[in-house]
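Structure first, then comments.
The numbers here are math on the coordinates, done by the rules we state, and not lab data. As the structure is a prediction and not an experimental result, all values here were calculated from the model. Don't worry about glycine lacking a Cβ; one is built from the backbone with ideal geometry, like all the others, and counts go over all protein chains shown.
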Amino acid sequence: MLTNRRELQIEWGDCDPAGIVFYPRYFAMFDASTDRLLSTGFGMVKIKWTAKYGILGIPMVKTGGEFFAPCKFGDEVAIDSEIADLSRSSFQVRHVLSRNGTKSVEASETRVWTARDPDDPGRIRAVPMPEEVVAILRGQAG
């Protein structure tokens, strides 16, 4: 399956008054990591791959996380992201954030491949992922 690693430094704005990462900030980091994972796999930035495949986006419909050790301002961390599962019109992403090689947070999210509903353009709906996209997400595209 498709994988990507993103390294970053914890910024002051990520932290609460105690100087540790405020938990919702992790989910913003994971959202950016999903974007990087897919943009790396597709070989183009999100605005271009959404246009190429004719979709509106990949809204998150489920997320969760488990916290093992806090991170604080200035910490250098790595986020390893991977496609964990695929179905017809959705996929799961698994993220592991580590500091100095030790897992701090593990999270998952389920995303849906969406387009405008042709019967009601004011609505969006799940649509099947193209075979090319499935191959990329499986890590099988060259």
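Mind checking which aspartates and glutamates have their C-alpha under 18 Å from Lys62, skipping anything on the same chain fewer than 8 residues away?
Asp31, Asp35, Glu82, Asp85, Glu106, Glu109
Is there a quick way to get the dipole size of the chain? I mean about its Cα centre, with the Cβ of Lys and Arg at +1 and of Asp and Glu at -1; what is the value in debye to the nearest 20? List each step's numbers first, then the result.
On the way: 18 positive and 19 negative charges, 59 e Å.
My answer is approximately 280 debye.
Would you calculate a helix-derived [θ] at 222 nm for the chain, using -39,500 (n - 2.57) for each DSSP H run of n ≥ 4 and dividing by the full residue count, to the nearest 500?
Details: 3 runs with 35 residues, N = 142.
The per-residue figure over the chain is -7500 deg cm²/dmol.
Among Trp49, Trp113, Trp12, which comes first, second and so on when ranked by fewest other beta-carbon atoms within 10 Å?
Values: Trp49 18, Trp113 23, Trp12 8.
By the 10 Å Cβ count, ascending: Trp12, Trp49, Trp113.
If each residue's Cβ is checked for other Cβ atoms within 10 Å, how do Thr3, Thr50, Thr34, Thr102 rank with the fewest at the top?
Numbers: Thr3 13, Thr50 18, Thr34 21, Thr102 8.
Fewest to most other Cβ atoms nearby, the residues stand as Thr102, Thr3, Thr50, Thr34.
If each residue's Cβ is checked for other Cβ atoms within 10 Å, how do Tyr26, Tyr53 rank with the fewest at the top? Each step should come with its number before you reach the end.
Details: Tyr26 21, Tyr53 15.
Going from least to most buried by this count: Tyr53, Tyr26.
Could you give the semi-axes, largest first, of the ellipsoid that matches the chain, computed as the square roots of 5 times the alpha carbon gyration tensor eigenvalues and rounded to whole Å? Before the final figure, lay out each step's value.
Working: eigenvalues 178, 55, 33 Å².
Each semi-axis is √(5λ); the values are 30, 17, 13 Å.
Just Glu106, Glu131, Glu76 to compare: in a GNM of the chain, with alpha carbon springs under 10 Å, which one fluctuates most?
Among Glu106, Glu131, Glu76, the largest mean-square fluctuation in the Gaussian network model of the chain belongs to Glu131.
Report the net charge of residues surrounding Asp85, where surrounding means a beta-carbon distance below 14 angstrom and charges are Lys +1, Arg +1, Asp -1, Glu -1.
On the way: positive: Lys62, Arg88, Arg94, Arg111, Arg138; negative: Glu82, Glu109.
Net local charge, Asp85 excluded: +3.
Lys and Arg at +1, Asp and Glu at -1: add these up for the other residues within a Cβ distance under 13 Å of Arg125 and post the number. Don't skip to the end; give the middle numbers.
On the way: positive: Arg88, Arg116, Arg123; negative: Asp117, Asp119, Asp120.
So the environment of Arg125 carries a net charge of 0.
Around Asn4, what is the net charge, scoring Lys/Arg as +1 and Asp/Glu as -1 over all other residues with Cβ under 12 Å from its Cβ?
On the way: positive: Arg5, Arg6, Arg36, Arg94; negative: Glu7, Asp35, Asp80, Glu82.
Net charge around Asn4: 0.
Taking the Cα centre of the chain as the origin and placing charges on Cβ (Lys, Arg +1; Asp, Glu -1), which of Gly101, Pro17, Met129 is farthest toward the positive end of the dipole?
About the Cα centre, the residue reaching furthest to the positive side is Met129.
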